[in-house]
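No value in this document is a laboratory result; all are computed from the given coordinates. This is a predicted model, so every value here is computed, not measured. Cβ: placed from backbone, ideal geometry, glycine included. Neighbour counts: every protein chain shown.
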Amino acid sequence: MISLIQKFTDKKIIDLSKMIKIDRDFYLVDDNLRNICKSIKKKAEYVGTYLGKKEKPSVFLLNLLAKNSKKKVWLNEKGAWLFICRRDVFAKSIVKSEDASDFVLIMNEYGECLGFGQVIDLSSKKVEIKRMYDVGDFLRREK
Amino acid sequence: MEKGMNFFLDRYKKLGETVSGIRLRPSLRINVLNISEEKLINRLKKQKVKLEKIPYAKHGYFYSSRFSLGSITEYLLGYFYLQEAAAQLPVQVLDPKPNEAVLDCCAAPGGKTTQIAQFMKNKGTVIALEKKKHRIASLKTNLERCGITNCIAYLMDANKVKSLNMQFDKILLDAPCSGNFITDSAWFNKRNIEGIRRASEIQKSLIEKSLSVLKKGGTLVYSACSLEPEENELNMQWMLKHFKVKIEKTSLKIGDPGSINIFGKKLDKSIADCRRFWPNKTNTAGFFIAKIRKL
């Protein structure tokens with residue numbers, strides 16, 4: 001989780017003392033919920049604010065990263081739709097970018113973060129950014 | 001034989017209703033934790049999704065769309081939950097407030113759990129219990145998607161809720177039930193009176209366990225998507241006989257009063273304060289909602 005955050009920012013955006021891991025999932029837990037969990041003494045399946053898995057950030061974490069990172073590209077409507085359908089990003093879909101050198105957060109026209117990818121060839125006219133993770137994972141996970 | 005379409009339709013007639021099939025209108029609830037109602041309406045309208053406010057459901061809308069709303073960006077970002085109109089009402093009756101301790105007894109897939117957290121503005125505590133392991137995944141996914149931050153979910157049978165050693169201000173018991181023919185076209189062929197009686201026993205047990213962890217003065221909302229009196233009014237009659245509780249008005253402006261004459265058996269008058277949803281009258285799934293105060 002930390003290494004994922006560091007791909008986008010050096011800022012301490014998460015209070016690590018409030019972070020817990022259940023199986024492969026990370027959560028931020030406030031004192032109230034932490035105390036309840038302690039008193040119940042049973043494994044919780046979900047608690048507090050979901051941060052995601054190691055390389056699969058939650059929507060909450062994606063938005064937090066987007067607020068604290070300049071590594072972002074903005075896509076047009078069609079590009080954003082294709083991205084959440086597991087497709088890589090083509091140059092023609094990018095309407096704006098900031099510090100797009102390695103890992104980048106993928107934003108839509110509303111400024112919402114849809115996932116992240118890795119810039120693989122800046123000079124290419126074809127695939128520009130390789131999709132690493134997108135919020136459509138929710139649906140695919142259910143199936 | 002105590003089964004089949006004619007048997008059940010005859011029972012409904014004896015309860016005073018000639019029921020017929022209806023086409024359920026698809027509906028959604030806007031998750032105002034993640035977006036304002038106005039913003040989402042504008043975004044969906046841009047995609048040619050037609051919306052019509054459900055007059056009796058806070059944040060609820062009927063919709064029609066040429067494509068599935070269950071895969072669009074706004075859904076993935078947790079801006080709305082696809083939820084049947086009547087199913088949006090038990091939480092509205094429960095009316096959970098920020099900073100309360102609330103229990104959701106049978107939580108998966110999480111429609112009502114996420115709605116409880118929404119009412120509470122993500123403040124306070126929601127304990128969500130789900131008995132079936134294979135249903136926990138959908139509960140977790142919906143909690144994540146809707147940005148719920150005040151919930152703890154456990155894989156647990158609500159019959160064992162006492163082991164949590166917690167007392168709750170409010171409890172939602174959306175009980176496992178036999179369902180109804182509106183949401184299941186094969187319903188009449190699958191159900192018989194024995195199965196309904198079994199469901200009723202399970203529900204009674206859950207009512208008893210829920211009341212054991214409800215604070216004095218606290219509210220229990222009991223709901224079931226069933227039209228069968230054994231799972232609804234007769235459970236309420238049993239509850240009034242065995243526990244120090246009273247049934248209160250729901251303030252809902254839809255649905256009929258709970259029936260207080262079940263096949264010739266007279267029930268407590270306060271059961272009329274429950275709401276019974278006959279699909280042909282409400283244009284929703286069959287439903288029953290009771291608001292109960294622990295004395």
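Sequence-distant contacts, meaning Cα pairs under 8 Å at least 6 residues apart, place the relative contact order of chain A at 20 percent.
Within the range B:39-101, list the trypsin sites (Lys or Arg not before Pro) lying in a DSSP loop whose Cβ has at most 13 other Cβ atoms in a 10 Å radius. Walk me through the intermediate numbers first.
Working: sites: B:K39, B:R43, B:K45, B:K46, B:K48, B:K50, B:K53, B:K58, B:R66; in loops: B:K48, B:K58, B:R66.
Within the range B:39-101, the qualifying trypsin sites (Lys or Arg not before Pro) (loop, at most 13 other Cβ atoms within 10 Å) are B:K48, B:R66.
Loop-located chymotrypsin sites (Phe, Trp or Tyr not before Pro) across the range B:201-295 with a Cβ neighbour count of 13 or fewer within 10 Å are B:F263, with loop assigned by DSSP.
Helix check for chain B. Which DSSP H runs span at least 15 Å along their own axis by Cα, with a mean Kyte-Doolittle hydropathy no less than -0.5? Walk me through the numbers on the way to the answer.
Details: long enough: B:133-145 (19 Å, -1.12); B:193-212 (29 Å, -0.35).
Span-like helices here: B:193-212.
Placing dummy labels 7 Å off each Cα toward the beta-carbon, the span from B:K121 to B:E208 is 4.0 nm. Here the calculated FRET efficiency for B:E2 and B:L69, from their Cβ-Cβ distance with R0 = 51 Å, stands at 0.80, rounded to the nearest 0.05.
Mind ordering A:49-55, B:151-157 by average Cβ neighbours within 10 Å, highest first?
Numbers: A:49-55: 19.3, B:151-157: 22.1.
Ranked by mean Cβ neighbours within 10 Å, highest first: B:151-157, A:49-55.
Simple spin-label estimate for B:D184 and B:K249 gives 3.5 nm between the two label positions (7 Å along the Cα-to-Cβ direction from each Cα). Taking the square roots of 5 times each eigenvalue of the Cα gyration tensor of the range B:174-291, largest first, gives ellipsoid semi-axes of 22, 17, 14 Å.
If you take the alpha carbon atoms of the protein assembly as shown and fit the smallest convex hull around them, that volume is 139 Å³ per residue. Entry note: the range A:2-65 has Rg to Rh equal to 0.98, where both radii use alpha-carbon atoms and Rh is the Kirkwood radius. So if R0 is 51 Å, what FRET efficiency would A:I2 and B:K215 give, r being the distance between their Cβ atoms, rounded to the nearest 0.05? Calculated value: 0.80. The range B:1-18 and the range B:54-98 have Cα centres spaced 32 Å apart. Rounded to the nearest 20, the size of the Cβ-charge dipole of the protein assembly as shown about its Cα centre is 200 debye, with Lys and Arg at +1 and Asp and Glu at -1.
Hey, got the average number of other protein chain Cβ atoms within 10 angstrom for residues in A:128-138?
Details: counts 0, 0, 0, 0, 0, 0, 1, 6, 3, 2, 9.
If you average over the peptide's residues, the count of other-chain Cβ atoms is 2.
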